[in-house]
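Take a look at the structure below.
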Amino acid sequence: MTQIKHKVISVNYNLHRDNEQGEMIESTVGHAPLTFLSGMGQMIPDFENNIINLAVGDTFSFGIKSANAYGSKTDEAIIELPHEIFIQDGKLVDEVFVGNLLPLQDQHGNVVPGTVVKINETTITMDINHPLADQDLHFTGTVLNIREATEEEISHGHVHGEGGHHH
């Protein structure tokens, strides 16, 4: 069994739908780069596998099929929530409208984005499928920086310092 190298990798990337010519979904260009700790399961495995052996300055261009990215949409992820959750000052909050993406919390306190599908008399129908479920993805970009992760970063499971959580 090979020892997984824990590296702190920073990349600039563009994410397109389907292929390199597809609609751009997100980009780090002009923003902070994506910095992640490899070998910790933070990234889509196919994303990490395509980048892990590159060097600083290398460019990349690869596709990830939806099954290996955010999976398929499921009917179980269409849920009904009572109006009470979204009431503030006696009325539904303004953010509740069809098509809007709202941050919800699951029973473990994790934030799960949900899209308002329908506003009913007593409930709100939400779709908590990942917004990129059923999407083939294509990443292009450049490796900006690679360094060995510190013991502290590995034990905490995230990056510290520049591009990390703690400043």
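Condition first: over 29 Å from Val8 (Cβ atoms), over 23 Å from the mean Cα position of the chain (by Cα) and free of Cβ contacts under 8 Å to residues at least 24 places away in the same chain. Can you find one or more residues in the stretch 72-80 that meet it?
Keep residues of the stretch 72-80 that are over 29 Å from Val8 (Cβ atoms), which gives 72-80.
Then keep just the ones that are over 23 Å from the mean Cα position of the chain (by Cα); that gives 80.
With free of Cβ contacts under 8 Å to residues at least 24 places away in the same chain added as a condition, the list becomes none.
No, the stretch 72-80 has no match at all.
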Item to complete: Tell me, yes or no, whether the stretch 64-71 has at least one residue that is modelled with pLDDT of 95 or more, surrounded by 11 or more Cβ atoms within 10 Å (Cβ to Cβ) and closer than 20 Å to Leu144 by Cβ.
Response: no
Worksheet item: Considering the stretch 1-58 alone, what residues qualify as being closer than 19 Å to Ile154 by Cβ and surrounded by fewer than 14 Cβ atoms within 10 Å (Cβ to Cβ)?
Response: Met1, Thr2, Gln3, Ile4, Lys5, Gly41, Gln42, Pro45
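Residues are listed down the side, and each one gets a yes or a no for (1) charged (D, E, K, R); (2) modelled with pLDDT of 95 or more; (3) touching a His at 6+ places or on another chain (Cβ under 8 Å):
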position	(1), (2), (3)
Glu80	yes, yes, no
Ile85	no, no, no
Pro131	no, no, no
Glu152	yes, no, yes
Gly161	no, no, yes
Worksheet entry | Where Asn110 falls short, out of the listed (1) out of contact with any strand residue (DSSP E or B) (no Cβ under 7 Å at 6 or more places or on another chain); (2) touching a residue at least 12 places away in the same chain (Cβ under 8 Å) | (2)
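Residue-by-condition table, conditions (1) within 20 Å of the chain's Cα centre (by Cα); (2) in the same structural domain as Leu34 (by TED's automatic domain parsing):
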| position | (1), (2) |
| --- | --- |
| Pro113 | yes, no |
| Leu137 | yes, yes |
| Ile146 | no, yes |
| Glu151 | no, yes |
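For Asn120, indicate whether it is at pLDDT 90 or above, of a type in the set (S, T, N, Q) and either touching a Ser or Thr at 6+ places or on another chain (Cβ under 9 Å) or within 30 Å of Ile9 (Cα to Cα) (or both).
Working: at pLDDT 90 or above: yes; of a type in the set (S, T, N, Q): yes; either touching a Ser or Thr at 6+ places or on another chain (Cβ under 9 Å) or within 30 Å of Ile9 (Cα to Cα) (or both): no.
For Asn120, the condition - at pLDDT 90 or above, of a type in the set (S, T, N, Q) and either touching a Ser or Thr at 6+ places or on another chain (Cβ under 9 Å) or within 30 Å of Ile9 (Cα to Cα) (or both) - is not met.
The values are calculated or read from the model by the stated rules, or taken from the named source; none is laboratory data. The structure displayed is predicted, hence computed values, not measured ones. Ideal geometry is used to build each Cβ from the backbone, glycine not excepted, and the neighbour counts take in all protein chains shown.
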